[in-house]
Amino acid sequence: MQNSKTDWARLDAMTDDEIDTSDILPLTAEQLRQAVRWTLGDPLPIMVRLETDVRAWYRAQGADRDRLLNEAVRQYIAGHAAAYDPPIPNAEQ
């Protein structure tokens, strides 16, 4: 692996005003209007087959059901991630 020649300490100390953005074209109003914001936390729609009783319980939780199901999966991953090879990324261990 090649070592970086970047002076990271100098970059970390820079303010936004000190960054040279002269080679970046400004975005048009149309480009900004069409922009989509993505983050790592955006949920992905997936299909999961749940047994009838499990599905009924989660559906009975109302609007909070997606959060509860995500939390249950996170707890499972946290307890079992080390058993997988390679380990599950970003799993709390």
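In this structure, residue 75 does not satisfy being modelled with pLDDT of 90 or more and surrounded by 10 or more Cβ atoms within 10 Å (Cβ to Cβ).
Okay, residues lined up against (1) on the phi > 0 side of the Ramachandran plot; (2) surrounded by 10 or more Cβ atoms within 10 Å (Cβ to Cβ); (3) outside any loop (DSSP other than H, G, I, E, B):
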residue	(1), (2), (3)
3	no, no, no
6	no, no, no
9	no, no, yes
24	no, no, no
36	no, no, no
47	no, no, no
50	no, yes, no
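Cβ-Cβ contacts under 9 Å between residues 6 or more apart (or on different chains), taken from a first residue in the stretch 53-70 that is exposed (fewer than 12 other Cβ atoms within 10 Å of the Cβ) to a second residue that is among the hydroxyl-bearing types (Ser, Thr, Tyr) and at pLDDT below 90, are listed as 66/58.
The values are calculated or read from the model by the stated rules, or taken from the named source; none is laboratory data. Being a predicted model, the structure only gives us computed values, none of them experimental. Positions of Cβ are generated from backbone atoms using ideal geometry, with glycine treated the same way; all protein chains shown enter the neighbour counts.
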